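Enquirer: Structure below; questions to follow.
The values are calculated or read from the model by the stated rules, or taken from the named source; none is laboratory data. The model shown is predicted, which means the values in this text are computed figures rather than measured ones. Side chains included, ligands, DNA and RNA excluded: accessible areas come from the protein's heavy atoms. Shrake-Rupley method; radii C 1.70, N 1.55, O 1.52, S 1.80 Å.
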Amino acid sequence: MSDCLFCKIASHEIDATIVYEDDYVMAFEDINPQLPVHTLIIPKQHYAHVGDDVPEEILGKVFAAVAKVAKIKGVEESGYRIVANTGEDGRQTVHHLHVHVLGGARMPIRMGPAD
Ligand code: AMP
Ligand code: ZN
């Protein structure tokens, strides 16, 4: 998708701090980190979100990359949270499937109420 920010990162048209990359996925640092570790993982191909007929093989590649990124970022032992904001109510702002890997500090016990 020519006007998609994360497609442009995937194709190296826009710079990002790349943490991990293979033929299928790319992981890069979130530009506005919410925790000491905040890395995003995307499939290189464009899918809007997890419900956008994503082949299971690609979903598997994205989740396999989670474990790799956790190891690279040093949170494999301490733990982390993975989040995929999806659609309007999920407050997804970039409409290219991505998983947030958040860690390096203890999470809030649970999410707050909806507003
Ligand atoms: P979401 O709200 O789940 O759609 O998350 C989008 C994420 O992309 C946010 O956490 C942003 O900080 C992050 N983001 C936006 N632009 C960039 C960029 N150019 N490089 C890295 N991360 C970005
Ligand atoms: Zn895209």
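Enquirer: How large, in percent, is the carbon and sulfur part of the accessible surface of the chain at a probe radius of 1.4 Å? Display every interim value, and only then the final one.
Expert: Numbers: 3760 of 7350 Å².
Summing carbon and sulfur atoms, their accessible area is 51 percent of the total for the chain.
Enquirer: Quick one: work out the % antiparallel among DSSP beta bridges in the chain, nearest 5. Working shown, then result.
Expert: On the way: 17 of 17 bridges.
Restricted to the chain, the bridges split so that about 100 percent are antiparallel.
Enquirer: Related question: Kirkwood hydrodynamic radius, computed over distinct alpha-carbon pairs, for the stretch 5-103: how many Å, to one decimal?
Expert: Working: mean 1/r = 0.0744 Å⁻¹.
Hydrodynamic radius (Kirkwood, Cα pairs) of the stretch 5-103 is 13.4 Å.
Enquirer: Given an 8 Å cut-off on Cα distances and at least 6 residues of separation, report the relative contact order of the chain as a percent. Spell out each step's value before the answer.
Expert: Details: 171 pairs, mean separation 33.2, N = 115.
Worked out over the chain, it gives 29 percent.
Enquirer: Check which residues have an amide H placed less than 5 Å from residue 19's amide H, if you skip close sequence neighbours.
Expert: Result for residue 19 returns 27, 28, 29.
Enquirer: Each residue of the stretch 45-52 in order: what ³J(HN,Hα) in whole Hz does its phi give by Karplus 6.51 cos²θ - 1.76 cosθ + 1.60, θ = phi - 60°, with x for Gly and Pro?
Expert: 6, 7, 9, 5, 6, 5, x, 8
Enquirer: Quick one: what are the phi-derived ³J(HN,Hα) couplings along the stretch 72-79, Karplus 6.51/-1.76/1.60 with θ = phi - 60°, whole Hz, x for glycine and proline?
Expert: 4, 7, x, 10, 4, 7, 6, x
Enquirer: Whose amide H sits under 5 Å from the amide H of residue 92, counting only residues 5 or more places off or on another chain, with H placed in the peptide plane?
Expert: Excluding prolines and chain starts, which carry no amide H, the hits are 86, 87.
Enquirer: Next question, about the same structure. Under a 1.4 Å probe, what is the accessible area of the chain per residue, stated in Å²? Don't skip to the end; give the middle numbers.
Expert: Working: 7350 Å² over 115 residues.
With the other protein chains kept in place, the chain gives 64 Å² per residue.
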